[in-house]
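**Q** Have a look at the structure that comes next, please.
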Ligand SMILES: [Zn+2]
């Protein structure tokens, strides 16, 4: 799932507002790749998606200097809404 340009900018504005500094290298520049990932509940030895499996939609921001990456819950951060999540349609692949 991709973020819109506005959603990606909202994430970076949140980081700027928090005066975020990388805890590893002290750099203050982060970038977001504009992708919503999901953390999936561990259900045992195999990776299985089944009805009722708990997941969290997360977005990442990485330090431009060292690559240190932080995750935000995409919904709780307010970057995306439940409506966006439930009604998202994957765009066709670009040729
Ligand atoms: Zn860093």
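**Q** Arranged by the count of other C-beta atoms within 10 angstrom, fewest first, what order do 33, 83 take?
**A** 83, 33
**Q** Still on this structure, I have one more. Note the full-extension length gain between residue 87 and residue 31 as 0.36 nm times their separation in residues minus their Cα-Cα distance, in nm to one decimal.
**A** My answer for the length gained is 17.6 nm.
**Q** Multiplying the sequence separation of residue 94 and residue 6 by 0.36 nm and subtracting their Cα-Cα distance, what value in nm do you get?
**A** That works out to 29.6 nm of additional length.
**Q** So for the range 5-86, what percent of the C-alpha to C-alpha distances run longer than 16 Å?
**A** Counting pairs separated by more than 16 Å, the tail of P(r) holds 56 percent.
**Q** Less than 13 Å from a label point 7 Å out along the Cα-to-Cβ axis of residue 69: which backbone N atoms in the range 1-42 qualify, by residue?
**A** Correct set: 31-39.
**Q** Now a separate question. Quick check on the chain: helices-only [θ] at 222 nm, where DSSP H runs of length 4 and up contribute -39,500 (n - 2.57) each and the sum goes over total residues. Nearest 500, please.
**A** -6000 deg cm²/dmol
**Q** Further question: Specify the residue with the greatest mean-square fluctuation among 72, 55, 30, computed from a Gaussian network of the chain linking alpha-carbon atoms under 10 Å apart.
**A** Greatest mean-square fluctuation among the candidates belongs to 55.
Each value in this text was obtained by applying a stated rule to the coordinates, not by laboratory testing. None of the values given here were measured: they were computed from a predicted structure. Glycine gets a Cβ as well: all are built from the backbone with ideal geometry, and neighbour counts include every protein chain shown.
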